[in-house]
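K.L.:
Would you mind keeping the following structure in view while I ask a few things?
Quick note: the coordinates plus some simple rules give every number you see, no bench work behind them. The model shown is predicted, which means the values in this text are computed figures rather than measured ones. Glycine also receives a Cβ, built like all others from the backbone with ideal geometry; neighbour counts cover every protein chain displayed.
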Amino acid sequence: MGYEFYSCGVVMLEVCRGIRVRRHYEAARQDFAVMCWVPTTEKIWSEATDLARKLAARGVTMQLADLVIAVSALSADAAVLTLDSDFRQVPELQVIDKLDE
């Protein structure tokens with residue numbers, strides 16, 4: 001099965017900041033360069049703010065980066081590939097923990 005991978009600046013930063021080996025870092029940056037990109041526009045920030053307030057009203061607190069990732073995925077009609085269960089708190093967000101073979 002083929003996949004189209006989407007990303008945003010927050011994901012690239014989160015993944016790449018911890019890569020210590022230069023060639024691994026460069027390989028990761030090349031991988032991000034071929035993904036579809038969701039720009040972090042004012043609309044994304046506004047929707048992330050609204051989502052944070054909605055979740056807080058339900059007693060759910062998410063990290064800023066996760067809010068931006070969730071809203072970016074929703075805007076692209078994309079799933080989030082993660083083991084982080086916090087994303088499952090976001091209504092209408094498709095969350096997967098592995099890719100089908």
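K.L.:
Could you put Tyr6, Tyr25 in order, starting from the residue whose Cβ has the fewest other Cβ atoms within 10 Å?
P.N.:
Listing Tyr6, Tyr25 from fewest to most nearby Cβ atoms yields Tyr25, Tyr6.
K.L.:
Starting from the Cα of Val21, step 7 Å along the direction of its Cβ; do the same at Cys36; then give the gap between the two resulting points in nm.
P.N.:
Result for the modelled spin labels: 3.1 nm.
K.L.:
Amide H of Leu81 versus every other amide H placed in the peptide plane: which residues, excluding those fewer than 5 positions away on the same chain, fall under 5 Å?
P.N.:
Amide H neighbours of Leu81: Ile96.
K.L.:
Against the longest alpha carbon principal axis of the chain, how many degrees, from 0 to 90 and to the nearest 10, is the axis of helix 22-33 turned?
P.N.:
That works out to roughly 60 degrees.
K.L.:
So how tilted is helix 42-57 from the main axis of the chain? Cα-based, degrees 0 to 90, rounded to 10.
P.N.:
Between the helix axis and the principal axis of the chain, the angle is about 50 degrees.
K.L.:
To continue, here is another question. Rounded to the nearest 500 deg cm²/dmol, what is the calculated helix-only ellipticity per residue at 222 nm for the chain, with -39500 (n - 2.57) per DSSP H run of length n ≥ 4?
P.N.:
-15000 deg cm²/dmol
K.L.:
Nearest 10 degrees, 0 to 90: what angle lies between the long axis of helix 64-75 and the longest principal axis of the chain (Cα atoms)?
P.N.:
It works out to around 90 degrees.
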